[in-house]
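What follows is a short report on a single structure.
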Amino acid sequence: MDIEFVRSRFIKHFTGETGQVYASPGRINLIGEHTDYNGGFVFPAAIDKGMMAEIKPNGTDKVRAYSIDLKDYVEFGLREEDAPKASWARYIFGVCREMIKRGVDVKGFDTAFAGNVPLGAGMSSSAALESTYAFALNDLFADNKIDAFELAKVGQATEHNYCGVKCGIMDQFASVFGKEGMLIRLDCRSLEYEYFPFEPKGYRLVLLDSVVKHELASSAYNKRRESCERVVAEIKKTHPAVEYLRDCTPEMLEAVKAQVSEEDYMRAAYVIAEIQRVLDVCEALGRKDYDTVGQKMYETHYGMSKLYEVSCPELDFLNDLAFDCGVTGSRVMGGGFGGCTINLVKNELYETFVTTAKERFKAKFGHSPKVYDVVIGNGARRIC
Ligand code: GLA
């Protein structure tokens, strides 16, 4: 992303002076979907696309924010009752409030921001925005710096408390902790994490964006989480130590099958299997066994489509198509209900796959999918 572009808009829309520039990335996730809020494992990486913001304290108690991409301007105060209506501005407002709750003396500022992570494509543009501001406000206003994990939690709390999405920690974590060339395996129960260099020789990762955006994605997401919590509550009756689906075995789930709805049972079965798949994939990567990695990705897609029911016809089509083309691994990425598939493709198959996918998808749905090559980049940072 271009600093000069953001800076020129900042100068134009505010006092003509410059401030500090910060950036944070979106993310991919190789495997481990809907496992984070279940205390399980995820395996994300930051990407080379994200959000960039210029910020300058303005000596007032107001935030004046300009979205360069949307050409929209919003002003808000830093008190609870001043929450703005525009959804993009609620992310910034939420981050300010959450930083204040953690003792940071946030003052009024002017800011302009832009992004190149596609919105609603399952690459966490919102986490990129939250992390950008959490990192920036920490840098600009905190006497006692907040640690990186807490910055990720600021973004997550913003989603929970100001945007109505009861998300897990994966997106904000990846956006803050990302490192060039590295996947990160995070244990969402203990918050231990480990970097894994990802240079699959002879393969590349490519995202195919269905360009489908699901209107009700946030309420459907929250419902999935509630299903998981109901199953945990049931299992807890006989296994009091259980806190998350992470702590449950397939046998424990079978034992409560008659006590939970069929739907909740399917959701939990998916999650329990998916948590194990992350570990299996880490192990297979260690052996450079990309066939197993790919097979697990297909299994995830099946589970997300048939058990967790967060896919859609366009994503199922892209997944089938990948399989037909002989692609090593493919699955819906992120929360689901639209967005991208992530595909592990042999170099020699790449051109044929992308061309075939574009043609066949267009013939069926009337528009081409967008294609993004994955480049694994760095996490939240100050640019200048
Ligand atoms: C969204 C959420 C994450 C995670 C994924 C699904 O991206 O923000 O916390 O639950 O969906 O894996």
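The values are calculated or read from the model by the stated rules, or taken from the named source; none is laboratory data. Owing to the predicted nature of the structure, the values given are computational and were not obtained by experimental measurement. Virtual Cβ from ideal backbone geometry, glycine too; neighbours counted across all protein chains shown.
Some points to look at:
- Test: residue in region 219-233 that is surrounded by fewer than 20 Cβ atoms within 10 Å (Cβ to Cβ), within 20 Å of the chain's Cα centre (by Cα) and modelled with pLDDT under 95: yes
- Residue-level check: of (1) within 25 Å of the chain's Cα centre (by Cα); (2) at pLDDT 95 or above; (3) not in a strand (DSSP E or B), residue 343 misses just (3).
- Pairs, first under 13 Å from residue 195 (Cα atoms) in region 160-178, second near the ligand (Cβ under 10 Å from one of its atoms) and in a helix (DSSP H, G or I), C-beta under 8 Å, six or more apart: 174/127
- Any chance residue 331 is in a helix (DSSP H, G or I) and under 20 Å from the mean Cα position of the chain (by Cα): no
- Filter result for the condition that a residue is buried (at least 17 other Cβ atoms within 10 Å of the Cβ), farther than 30 Å from residue 247 by Cα and under 12 Å from the mean Cα position of the chain (by Cα), over 106, 176, 117: 117
- Test: residue 50 is surrounded by fewer than 24 Cβ atoms within 10 Å (Cβ to Cβ) and either more than 16 Å from the ligand (Cβ to nearest atom) or not in a helix (DSSP H, G or I) (or both): no
- Counting only strands (runs of 3 or more DSSP E) that fall entirely inside region 138-213 and contain at least 1 residues that are among the aliphatic types (A, V, I, L, M) and closer than 29 Å to residue 320 by Cβ, the qualifying elements are 182-187, 203-209.
- Evaluation of residue 112 against (1) part of a helix (DSSP H, G or I); (2) touching an Asp or Glu at 6+ places or on another chain (Cβ under 8 Å); (3) of a type in the set (Gly, Ala, Ser); (4) away from the ligand (no atom under 16 Å from the Cβ) (one fails), failing number: (1)
- Qualifying residue in region 137-148 (condition: surrounded by fewer than 24 Cβ atoms within 10 Å (Cβ to Cβ) and within 16 Å of the ligand (Cβ to nearest atom)): no
- Test: residue 55 is hydrophobic (A, V, I, L, M, F, W, C) and under 15 Å from the mean Cα position of the chain (by Cα): no
- There is no residue in region 73-80 that is in contact with a Ser or Thr (Cβ under 7 Å, 6 or more places away or on another chain) and at pLDDT 95 or above.
- Residues within region 70-103 that are among the acidic types (Asp, Glu), surrounded by 13 or more Cβ atoms within 10 Å (Cβ to Cβ) and in contact with a Phe, Trp or Tyr (Cβ under 9 Å, 6 or more places away or on another chain), tallied: 2
- Candidate set from region 294-343 (those that are within 16 Å of residue 358 (Cα to Cα) and either aliphatic (A, V, I, L, M) or within 12 Å of the ligand (Cβ to nearest atom) (or both)); member that is surrounded by the fewest Cβ atoms within 10 Å (Cβ to Cβ): 321
- Scanning region 172-208 for residues that are within 15 Å of the ligand (Cβ to nearest atom) and among the charged types (D, E, K, R), we see that the one that is nearest to residue 317 (Cα to Cα) is 185.
- Check on residue 35, crowded, with 23+ Cβ neighbours inside 10 Å, polar (S, T, N, Q), at pLDDT 95 or above and within 16 Å of the ligand (Cβ to nearest atom): yes
- Which numbered condition residue 169 misses (of (1) crowded, with 24+ Cβ neighbours inside 10 Å; (2) within 12 Å of the ligand (Cβ to nearest atom)): (1)
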